[in-house]
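Trainee: Below is the structure I would like to discuss, written out as structure tokens.
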Amino acid sequence: MTIEKVGIVGAGQMGNGIAHVFALAEYEVLMTDISEDALSAAVALIERNLDRQVSKDLITQAQKTDAMKRITTTPTLTDLGKTDLIIEAATERETIKTAIFEDLVPHLKPDTILTSNTSSISITRLASRTDRPEKFMGFHFMNPVPIMQLVELIRGIATDEATFKACHAVVERLGKTSATAEDFPAFIVNRILMPMINEAIYTLYEGVGSVQSIDTSLKLGANHPMGPLELADFIGLDTCLAIMNVLHDGLADTKYRPCPLLTKYVEAGWLGRKSQRGFYDYRSGTPVPTR
């Protein structure tokens, strides 16, 4: 399977980062989103991030210029049917992802590989809604994509060896490292990370420590680069809650029950950095703990 043209569904935080690394690795990239404004913003952000890499001597100006030339956008989802590999990076809701794949299927080339950047949803279940479950995989990038080195590769029950090898080769060409995960709720990284974040929120909820003391304790006591509550704000509290719900529903174990305080923050629209308030208030420019 020769992969040269890559389609990316979604121009948000993950989608634009994925487009960035694929263009730098000399793939032709076609990115789509329901919002043309989002597509324009994504291209502008990719250019700024590439400029930052040039300023740090991580890439050359010529590499940046060539990468930008390889990125095109379209508001029409079905235009991605002509690509060799499609990476869906839409909102972490199964109904949305399923609808995207169902709309794409009639327009795909016979050998196009479908993948999802989902951080927790069943790959087998998503694949079953397409005409090619054997050519379907989980392709989970970490955020921020240009910086983080790991990609989780998740096989569905029907994924064939050729598809896995093709995706593994793509990760190597991107200069990243792959970890192979089985198709269980939240895979590897979020199966371990999200319960830790959820426990930190319980620690806050029960009054064991403040936002500041919890984050300081994990940064200095466990040598984590970010505290768990700071990290939750960076990821997005709605995303954290969605993953905890997938774990709780999929594994039927009370240890994965989302903390009521996490649910309350999401209900309030305090989603973290993207909404300017979460466990910290970012509106002044300096993060201030909200509890």
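Trainee: Does region 193-286 come out rounded, prolate or oblate by the C-alpha gyration tensor, with a ≥ b ≥ c the root eigenvalues, rounded set by a/c under 1.5 and, if not, prolate when a/b is larger than b/c and oblate if not?
Mentor: oblate
Trainee: Please get the size of the charge dipole for the chain, origin at its Cα centre, with Cβ charges of +1 on Lys and Arg and -1 on Asp and Glu, quoted in debye to the nearest 20.
Mentor: Once rounded to the nearest 20, the dipole reads 500 debye.
Trainee: Separate question: With a sphere of radius 13 Å drawn around the Cβ of Met137, what net charge do the other residues whose Cβ falls strictly inside it have (Lys, Arg +1; Asp, Glu -1)?
Mentor: Charge balance in the 13 Å sphere: -3.
Trainee: Can I ask one more? Enter the angle in degrees (range 0 to 90, nearest 10) between the Cα long axis of helix 189-205 and the first principal axis of the Cα atoms of the chain, meaning the one along which they spread out most.
Mentor: 20 degrees
Trainee: Could you check the spin-label model distance between Asp253 and Lys109? Points 7 Å from the Cα along Cα→Cβ, value in nm.
Mentor: 4.2 nm
Trainee: Once the principal axes of the Cα atoms of region 124-211 are found, what is the range along each, listed largest first in whole angstroms?
Mentor: Principal-axis extents of the Cα atoms in region 124-211, largest first: 51, 30, 16 Å.
Trainee: Then there's this: Can you put Cys259, Cys240, Cys167 in order of Cβ neighbours within 10 angstrom, beginning with the fewest? Please list the in-between numbers first.
Mentor: Values: Cys259 21, Cys240 28, Cys167 24.
Starting with the residue having the fewest Cβ neighbours, the order is Cys259, Cys167, Cys240.
Trainee: If you rank Phe184, Phe141 by fewest surrounding Cβ atoms within 10 Å, what's the result? Numbers along the way, then the final one.
Mentor: Values: Phe184 15, Phe141 23.
Ascending Cβ contact count within 10 Å gives the list Phe184, Phe141.
Trainee: Given the convex hull of the Cα atoms of the chain, what is a quarter of its surface area in nm²? Display every interim value, and only then the final one.
Mentor: On the way: hull surface 61.0 nm².
For the chain, averaging the hull's shadow over all directions gives 15.3 nm².
Trainee: To test your reading of the geometry: what angle, between 0 and 90 degrees and rounded to tens, separates the Cα axis of helix 237-251 from the longest principal axis of the chain?
Mentor: Approximately 80 degrees, to the nearest 10.
Trainee: Could you compute the net charge surrounding Leu174? Neighbours are other residues with a C-beta less than 14 Å from the C-beta of Leu174; K and R count +1, D and E count -1.
Mentor: On the way: positive: Arg70, Arg173, Lys176; negative: Glu4, Glu26, Glu152, Glu172.
Spelling it out: positives minus negatives among the neighbours equals -1.
Trainee: Which of Met244, Ile59, Gly138 sits farthest toward the positive end of the charge dipole of the chain, with +1 on the Cβ of Lys and Arg and -1 on the Cβ of Asp and Glu?
Mentor: Checking the options against the dipole of the chain, the answer is Ile59.
Trainee: Starting from the amide H of Ser119, placed 1.01 Å from N in the peptide plane, find each other amide H under 5 Å away whose residue is 5 or more places distant or on another chain.
Mentor: none
Trainee: Which Cα, out of Thr124, Cys167, Asn198, lies furthest along the positive dipole direction of the chain (beta carbon charges, K/R +1, D/E -1)?
Mentor: Asn198
Trainee: Which value, in debye to the nearest 20, gives the size of the charge dipole of region 193-286 about its Cα centre, when Lys and Arg are +1 and Asp and Glu are -1 at the Cβ?
Mentor: In debye, rounded to 20, region 193-286 gives about 180.
Taken together, the values in this text are just the output of simple stated rules run on the coordinates, not laboratory data. Predicted model only: the values in this text are computed from it and were never measured. Reconstructed Cβ throughout: ideal geometry from the backbone, glycine too, with neighbour counts over all protein chains shown.
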